[in-house]
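> Below is one structure. I have some questions about it.
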Number of protein chains: 2
Amino acid sequence: MAPVAKKQNTKFNKEDTRQCFGAQIFDEEHVKSLRKSIKESQPYRWGHFHHLFDDTLLRNVRKEVEKEIHFTLKETDIYKVFQSGDLANLSGLDWDDLSRLPSVFKLREALYSQEFRDLVSEVTQCGKLSGVKTDMSINTYTKGCHLLTHDDVIGSRRVSFILYLPDPDKHWKEHYGGALRLFPALVPNVPECDYSHKFIPQFNEMAFFKVQPGLSFHDVEEVRVDKQRLSIQGWYHIPQRGEDGFIEGEQEETEAKSTLQQLESKELQEYDFPKEVRLPFSSYEIKSYTDGNPLDAFDLEFLSKYMNPELLTSDKLVSLQKKFVEENLLQIDDLLNHDYAKHLHKLIRSHELDSVMPKRREEVSFPWKMAVPPHKWRFMYMDGKQPEEWTVEGVKLANNGVQESPNFQLTNQMAKDETTRELTQLSSFMKSKSFKKWLRIITDLIPISDQIIVRRFRPGHDFILATSVDTSDSKQDALLEGTLNLTPSKHWESGEFGGYELCMATNDDDEEGDDPAIYKSSADGDDSVLVNTQACWNKFTLMVRDPSVLKFVKYVSYNAPGSRWDISAQWDIDMNE
Amino acid sequence: MAPVAKKQNTKFNKEDTRQCFGAQIFDEEHVKSLRKSIKESQPYRWGHFHHLFDDTLLRNVRKEVEKEIHFTLKETDIYKVFQSGDLANLSGLDWDDLSRLPSVFKLREALYSQEFRDLVSEVTQCGKLSGVKTDMSINTYTKGCHLLTHDDVIGSRRVSFILYLPDPDKHWKEHYGGALRLFPALVPNVPECDYSHKFIPQFNEMAFFKVQPGLSFHDVEEVRVDKQRLSIQGWYHIPQRGEDGFIEGEQEETEAKSTLQQLESKELQEYDFPKEVRLPFSSYEIKSYTDGNPLDAFDLEFLSKYMNPELLTSDKLVSLQKKFVEENLLQIDDLLNHDYAKHLHKLIRSHELDSVMPKRREEVSFPWKMAVPPHKWRFMYMDGKQPEEWTVEGVKLANNGVQESPNFQLTNQMAKDETTRELTQLSSFMKSKSFKKWLRIITDLIPISDQIIVRRFRPGHDFILATSVDTSDSKQDALLEGTLNLTPSKHWESGEFGGYELCMATNDDDEEGDDPAIYKSSADGDDSVLVNTQACWNKFTLMVRDPSVLKFVKYVSYNAPGSRWDISAQWDIDMNE
């Protein structure tokens, strides 16, 4: 993104400008019909120009970009994209010196010309737009690149646009991916799980929409094939001081509103599913493993049904505890015993190969649920609780009405396939006294509440953006967190397909967990990454986590070898003995 | 029960004694076959004598009893029976002066004669029996009388017997009830829910069994018709000092063993279902109603779906709170609103009229379960949790393995009939934030954990013996307890059919909750009864209960107009604000 450009809109007269554009763009009929279609558009005001620019001009732009601009792959929790510029030049190319890029310069002049801004203003009915505050970037999406759901709301942005420049001589097919997808909102700041409209990019087409805080949610679908989807993306801002349409205080008000919206969005946690709610154990239960009892015969037999017996020997317990107490982290390979692991591996792998993978929220059937909203996360999960209704009324009820606790045994009995049944059994096992006792021994911490969630991250759909944990209601300012990785497919090691779970440290306590910028800067200096666990089979990662640690699960690529499967657990802890 | 009798076994010689008995009793073949049948008997060593006494003698005994002995109806949590004697003479008739009862005197001499004791000893293979420590009582069971499951173990008892004296000229039919029923034990001290053998009483028959701590569980089936089932019941004790077979210290050892057994039985709480486990709420949830917030629009709408709107007005809330704070007790009529109550009434009443009532444990199908063991309670219930397997292994697993929480919404989805579904919905409602907020307001207490149980007490089967609550793991030495009475049938007011829930005060803190003697003495002085709520429709009783309060639900008579239905709730409370 570029800073405000310096005086550059002086060279072209009206005629010059018009000649940059396609023949029909300024036609009265075209404008009228576009205005009408935008007014009636769903899920919010958006539209597109077909054949927007003069073909030659845009082909030249493309050539210049290909020849002169260096792209660097950038990846955070929210995107993976080739950005113009390199690591040494974070702002991308130098928009103040476009001397080597005359066509790009001309294009920008046209985009921010009075004529075109008036046109955009007219068809979107969004008020005047600034000609001096230009704001553009050039990106390339290649195979695996994506940008997850967000509403584009920052500061004074008024209209968002994407001008597409894939190969001008080829048709961009839908199955290539890379589409712009628009998400309706259930209520402001809460996008629906699935997009309702999508725009498939073609050369010389521009999609645009009115930036509306809490409403204009969209994403860029992952590019699925070995094609380049080049685009120039930018915003029109509200008029600046001295410009036509400038209103004293409007920018401040818009910016304040955008900040307010973000704050309100935090209050909208009631729309988050699954909720971060750890359920306290009864004191009767906690007592049974606080007295420092070793694993007894029952425990050993019970644990051995699922667990690797090597993890239950006295020596191993001592060495695990020593390591955990030193490092606050354990990565245990082969948590499950050989026979059970083999059985479960076969079940999960067959399930993902033989059953139709649910795509949209409505296709997910209980006991599986869909994590929402998608500007925070999307994945399939089981929490052992009854289904919630995804309506305003249903969410209200889930938050304020009936409060019921998870029960994986009941869930088990309602599961329709063996894989789901086995996963609920395993979750139930993790709620057993014996397992808690084992945990208590190897961590030297007393678990006093828990939340267990079975998760499936589907290729081409799922992820969790960076978040921190909420310990405001915990006795300790940290909790115990475990992930049992149960991904049966192979070839995840490179991280190319995403699906890894990454923890990183933040330097401040601002709790800006949802801001991808934090990770972006963190990723630049690699030492802030604490743990990065690739999707894998039968590995249990256990750590003490405090609110300064951000964690995310990277979006799983459409081309991944399968889903990432895991069981995620959190325990509040007590240290009093 | 009589104290040790004074020197009375001197008058009769061996021949006199033999003449008191039926012709075949002492025959070698009879003895041999009886001994064999007892050795092979199930569920524990027991047998019976047919035509035990000389017919004339026993008819005379019956006449004397009918003429001379006054019976008084006694009722506690564990029995309802006409005992000989009256209120002024608690020990029944005067066994030291049987001058007006020569046949009874003769009968006792015969029962405790050397010859007969040797016979009993021989057939039961239980060792020598005392002739000086006699221990008998005369009881009449009429319609509605019963004695619930117990193992008869007190002190030095070695053999238990019941000599039946119903009308000698009529056959006692099975459907009259009044049978002796024997219960197998799953493990020592834990009787099975249902009897496995029963003995239908006839005139001049005697049933007897070896008293075995933790094993010899039996009951007297309720007499179902307008007939008198007169009986003489008693015990043979171990030989006393000076008697043949006396062993120094044996009595003390036997008594100690019996005490030990009772203590061990307390440790066997793992076999109790449902367990008294109140599950803590998450701190997030408690927060939502600790700030003294009034009921908001959502709450009012939500509560009104089920509740009587009159109970939600500000004035009513204030008056309810005032009354509760003063009395620690509220009895609220019409908790449920008119329409919902009507709907539910119809459902429950049709259910009990139209569906086959499950009798034995195996007939009860999930989500309903059977409360066990029956020397503590028996009733059908739903706790919102998965089924437990009633085997030693299953109980171990339920106690030490998987720990899952109730979820009535999931249970609801697995219910097979509409009545069950509606009752789980109502339970779920009682777990709602809004209902807890209402509770918090009317009690001025903060509920911090709960247990909700739907119960059905079936005619001819169900009861809860007097117990106290366990607050050892609570913050306060008291808890909040509520019963929503949902019995749709009428005519319970007299208490004749049982099914009432009675609370009484104990004077000491000895926690002798399971000892029916406490209630017996309490009932004599009526002022120790705190509350007695008859089975009724749509009444909510709410009280603060501490461990000094005993509570029981009286056995529901076979002839009751229907089942007692209710929802029972307990909440741990916090008073810190």
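The values are calculated or read from the model by the stated rules, or taken from the named source; none is laboratory data. Just so you know, these numbers come straight off a predicted model, no measurement behind them. Neighbour counts run over all protein chains shown; Cβ positions are idealised from the backbone, glycine included.
> Report the residue count in the stretch A:382-402 for those that are buried (at least 21 other Cβ atoms within 10 Å of the Cβ) and either of a type in the set (D, E) or away from chain B (no Cβ under 11 Å) (or both).
Counting residues in the stretch A:382-402 that are buried (at least 21 other Cβ atoms within 10 Å of the Cβ) and either of a type in the set (D, E) or away from chain B (no Cβ under 11 Å) (or both) gives 3.
> Please give the number of the condition A:S137 fails out of (1) of a type in the set (G, A, S); (2) assigned to a loop (DSSP other than H, G, I, E, B); (3) surrounded by fewer than 21 Cβ atoms within 10 Å (Cβ to Cβ).
(2)
> What do you reckon, is B:L279 surrounded by 15 or more Cβ atoms within 10 Å (Cβ to Cβ), within 14 Å of another protein chain (Cβ to nearest Cβ) and within 30 Å of B:P387 (Cβ to Cβ)?
So B:L279 fits the description; yes.
> Has the stretch B:373-391 got any residue that is modelled with pLDDT of 95 or more, of a type in the set (D, E, K, R) and more than 28 Å from B:S557 (Cβ to Cβ)?
Yes, that holds for at least one residue.
> For residues that are touching a Cys at 6+ places or on another chain (Cβ under 9 Å) and assigned by TED's automatic domain parsing to the domain that holds A:F209, scanning just the stretch A:8-57, find the one that is nearest to A:G214 (Cα to Cα).
A:R45
> Moving to a separate point now. Pairs, please: C-beta under 7 Å, at least 6 apart or cross-chain, first residue at the interface with another protein chain (Cβ under 10 Å from one of its Cβ atoms) and in the stretch A:283-295, second not in a helix (DSSP H, G or I)?
A:S283/B:D473; A:Y284/B:V277; A:Y284/B:D473; A:E285/B:Q403; A:I286/A:I446; A:I286/A:I448
> Starting from the stretch B:297-309, keep only residues that are within 15 Å of B:F540 (Cβ to Cβ) and not assigned by TED's automatic domain parsing to the domain that holds B:F429, then list their pairs with residues that are at pLDDT below 95 and of a type outside the set (G, A, S) whose Cβ atoms are within a distance under 9 Å, requiring at least 6 positions of separation or different chains.
Cβ pairs passing all conditions: none.
> What tally of residues in the stretch A:310-346 results from selecting those that are surrounded by 19 or more Cβ atoms within 10 Å (Cβ to Cβ) and without any contact (Cβ under 8 Å) to a residue 24 or more places away in the chain?
Residues flagged as surrounded by 19 or more Cβ atoms within 10 Å (Cβ to Cβ) and without any contact (Cβ under 8 Å) to a residue 24 or more places away in the chain within the stretch A:310-346 amount to 0.
> Additional query: Name the single residue, out of those in the stretch B:562-577 being of a type outside the set (A, V, I, L, M) and farther than 15 Å from B:N485 by Cα, that is modelled with the lowest pLDDT.
B:E577
> Please verify whether B:L111 is closer than 23 Å to B:S41 by Cβ and either of a type in the set (A, V, I, L, M) or out of contact with any helix residue (DSSP H, G or I) (no Cβ under 9 Å at 6 or more places or on another chain) (or both), treating the condition exactly as stated.
For B:L111, the condition - closer than 23 Å to B:S41 by Cβ and either of a type in the set (A, V, I, L, M) or out of contact with any helix residue (DSSP H, G or I) (no Cβ under 9 Å at 6 or more places or on another chain) (or both) - is met.
> While we're on this one: Among the residues that make up the stretch B:101-114, is at least one of them in contact with a Leu (Cβ under 8 Å, 6 or more places away or on another chain), at pLDDT below 95, of a type in the set (V, I, T) and surrounded by fewer than 17 Cβ atoms within 10 Å (Cβ to Cβ)?
No, the conditions are met nowhere in the stretch B:101-114.
> Report yes if some residue within the stretch A:240-262 is within 14 Å of another protein chain (Cβ to nearest Cβ) and surrounded by 12 or more Cβ atoms within 10 Å (Cβ to Cβ); otherwise report no.
Looking for residues that are within 14 Å of another protein chain (Cβ to nearest Cβ) and surrounded by 12 or more Cβ atoms within 10 Å (Cβ to Cβ), one finds none in the stretch A:240-262, hence no.
> Right, another one. Within the bounds of the stretch B:507-521, is there any residue that is touching a Ser or Thr at 6+ places or on another chain (Cβ under 7 Å), within 30 Å of A:F281 (Cβ to Cβ) and at pLDDT 95 or above?
No, the stretch B:507-521 contains no residue that is touching a Ser or Thr at 6+ places or on another chain (Cβ under 7 Å), within 30 Å of A:F281 (Cβ to Cβ) and at pLDDT 95 or above.
> Then there is this: I'd like the full set of residues that are part of a helix (DSSP H, G or I) and at the interface with chain A (Cβ under 10 Å from one of its Cβ atoms), limited to the stretch B:403-420.
B:F408, B:Q409, B:L410, B:T411, B:N412, B:Q413, B:M414
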